[in-house]
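Taking it in order: structure first as structure tokens, then the write-up.
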Amino acid sequence: MPRRVLVVDDEPDITYALKVGLEGKGFLVETYNDPTVALAKFKPNAFDVAILDIRMPKMSGFELYREMIKVDGRTKIVFLTAFDVYREEFEKMFPKVKVTAFLKKPMTISKLVARLKELDN
Amino acid sequence: MDRGNKVARVVDGVEGLSVRVIEKPAESLSLAWELVQGSKETLLMFSTPRAFLRQVKAGAFARLKSILDLTGTSVKILIPHDEQLDPVLEKVRSEAPSVDFRVMNESLRTKMSILIADRKRTLVLETRDDEREELLEAVGMATYTESRSLGASYAAIFENIWKQTDMYDKLKLHEKLQSDFVNVAAHELRTPVQAIVAYAELATTDVDNRDEYYGKLLKSVTRLQKLTEEILDAARIDGGTLRLNKERFDLKALVEAVVDEQGIKGNAKAVSLVMLSSGSLLIEGDRGRLGQVVANLLSNAIKFTEKGSITVSLEARKRENRVVIRVSDTGTGIDPSIVPRLFSKFVVKSQSGTGLGLYISKNIIEEHGGRIWVESNVPGGGATLAFEIPIKQAGEEAELEESRARLGVA
């Protein structure tokens, strides 16, 4: 089961809720509201999974992801977005990007935990 | 010849006698070129997008361009819409800039391409097999007539469709805006809902910290409510049902109240407010709606100003029967590329917000018989937005000439 979780979302209310919620379930959580700061602090082998928002100022979740895999290609990526994104379209647009999951907001913390646990399977 | 006679002649087929049937595609296509070359004006309506693409492939537009360069003839071309058409058309347009192309609704696909030369010679080419790649294999029979009445009728049909393409383009744009709006609105609505779902869950599982979660819930619910109102307002404006609830009130007091309220919100971002004001200004208008406009301008200014100051000024020009309100900031300024469309729907550059606030504000001000504009904009140095509305029956108490409210950002 992934334990170390990175959360990047420009909404402080959302990152705070996910941090409190996931920490309550035994995860180690680091959060950022500014994707450029998240990238600057991103180190290899620091996280098991990264939960990324897509629509963010300065840098989109996709761009952030592209830069992150240059630093560490092993971190599992989950996009948590309020957009209607379809996996098929995404894979057409970014054929080389391997995304573990697309999760759609709104999502309860318990459901998110369940999805994170599934990642190992 | 009077009109009755003319119709009778067409019906009787007197002119119809001059219709020639051409069976060989090579012959009809070569006649088409002769017509283009020998006329001052050519109108051409393609049967299908593929009929146009076959001509592109056959090099017709290079040939057409060389004819136009020599003769200066005018050529208008209509093509039924197809998604694959756009890139090709863009290329052809740049290669033959003197040709006027328009795309018409895809429902106007037919089995006939029509070429009208000088509104009197008409060549109708049948598209026998639209699946074919080769021009000569796709074209079937053709008819050619020099009947002026037929030529004029075809030209009238052509002109009608030509005019409709403008509407068609507008419709396409509208559809795109509509679907963009649904995407943006869905995103914006789900964001506070995500926070609500998460904090509601935390409030039930982590009872010790319940009060904190309730506070966060209230904040997100308020945001969701504001967003819902914006979307409803935009729908009301589009449906023409935005109504003003007019009353006589003190605009000065209203602006002060909004500045106070926004100042409290601004404090969360360490914005401090200083008010310098006196007197009152009675106007007739919708207090709630005008307050909404000032709040919108002010909250935008706060949003885009990290340091420096925000100034709200109110200037009554009684002799001109109008009052001007300005909101200036020293923030990031407005991206120049969006300034011309700033008051349109869904114009967003900030990655947050629905792009409805200024659209709604503009409509509220215009409903009051006023106008709203960008007075100055320095990218990186701040912006001033202003609006004016008529004072109308200004009361005796309205003696205020000018007053200012100044906000300083700590």
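Here's a check for you: in segment A:47-80, which residue that is assigned to a loop (DSSP other than H, G, I, E, B) and within 14 Å of another protein chain (Cβ to nearest Cβ) is most open to solvent (accessible area, probe 1.4 Å)?
Out of the qualifying residues, it is A:LYS58.
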* To do: For segment B:46-65, name all the residues that are open to solvent by 30 Å² or more (accessible area, probe 1.4 Å) and in contact (Cβ under 8 Å) with a residue 60 or more places away in the chain.
  => B:ARG50, B:GLN55, B:LYS57, B:ALA58
* Any idea which of B:THR191, B:THR228, B:THR165 is under 30 Å from B:LEU43 (Cα atoms) and open to solvent by less than 70 Å² (accessible area, probe 1.4 Å)? -> B:THR165
* Asked: Which members of segment A:20-38 meet the condition of being more than 21 Å from A:ALA82 (Cβ to Cβ), surrounded by fewer than 19 Cβ atoms within 10 Å (Cβ to Cβ) and not β-branched (Val, Ile, Thr)?
  -> A:GLU23, A:GLY24, A:LYS25, A:GLY26, A:LEU28, A:GLU30
* **Those residues of segment B:64-83 which are closer than 13 Å to B:THR48 by Cβ and among the acidic types (Asp, Glu), in sequence order** => B:ASP82
* Among the residues of segment B:159-208, write down those that are among the β-branched types (Val, Ile, Thr), more than 11 Å from every other protein chain (Cβ to nearest Cβ) and under 26 Å from the mean Cα position of the chain (by Cα). => B:ILE161, B:THR165
* Structure fact -> Within segment A:2-19, of all residues that are crowded, with 19+ Cβ neighbours inside 10 Å, assigned to a helix (DSSP H, G or I) and not acidic (Asp, Glu), the one farthest from the other protein chains (Cβ to nearest Cβ) is A:THR15
* **Condition check for B:GLY72: modelled with pLDDT of 90 or more and open to solvent by 20 Å² or more (accessible area, probe 1.4 Å)** => no
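Rundown of residues vs (1) modelled with pLDDT of 80 or more; (2) within 23 Å of A:GLY21 (Cα to Cα); (3) touching a Phe, Trp or Tyr at 6+ places or on another chain (Cβ under 6 Å), yes/no style:
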position: A:LYS70; (1), (2), (3): yes, no, no
position: A:LYS76; (1), (2), (3): yes, yes, no
position: A:ALA82; (1), (2), (3): yes, yes, no
position: A:GLU88; (1), (2), (3): no, no, no
position: A:GLU91; (1), (2), (3): no, no, no
position: A:PRO106; (1), (2), (3): yes, yes, no
position: A:LEU112; (1), (2), (3): yes, yes, no
position: A:ASN121; (1), (2), (3): no, yes, no
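Going residue by residue through segment B:310-319, is there one that turns out to be within 22 Å of B:ASN363 (Cβ to Cβ), in contact (Cβ under 8 Å) with a residue 60 or more places away in the chain and open to solvent by less than 30 Å² (accessible area, probe 1.4 Å)? Full working, then the answer.
Looking only at segment B:310-319, we keep the residues that are within 22 Å of B:ASN363 (Cβ to Cβ), and these are B:312, B:314.
Next, from what is left, pick out any that are in contact (Cβ under 8 Å) with a residue 60 or more places away in the chain: B:312, B:314.
Still in the list and also open to solvent by less than 30 Å² (accessible area, probe 1.4 Å): B:312, B:314.
Yes: one or more hits.
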* Criterion: over 20 Å from B:HIS187 (Cβ atoms), touching a helix residue (DSSP H, G or I) at 6+ places or on another chain (Cβ under 6 Å) and either at pLDDT 90 or above or among the hydrophobic types (A, V, I, L, M, F, W, C) (or both) - qualifying residue of A:LEU64, A:LEU39 -> A:LEU39
* Asked: When segment A:36-53 is examined, which residues are found to be of a type in the set (Gly, Ala, Ser), more than 22 Å from A:ASP120 (Cβ to Cβ) and in contact with a Phe, Trp or Tyr (Cβ under 9 Å, 6 or more places away or on another chain)?
  -> A:ALA38
* Any idea which of B:THR122, B:THR110, B:THR204 is at pLDDT 90 or above, open to solvent by 80 Å² or more (accessible area, probe 1.4 Å) and not assigned by TED's automatic domain parsing to the domain that holds B:ARG341? -> B:THR204
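The values are calculated or read from the model by the stated rules, or taken from the named source; none is laboratory data. Keep in mind that what you see is a predicted model, and the values were worked out from it rather than measured. Note that each Cβ is placed from the backbone with ideal geometry, even for glycine, and that neighbours are counted across all protein chains shown. Heavy atoms of the whole protein, side chains included, go into the accessibility calculation; ligands, DNA and RNA do not. Shrake-Rupley method; radii C 1.70, N 1.55, O 1.52, S 1.80 Å.
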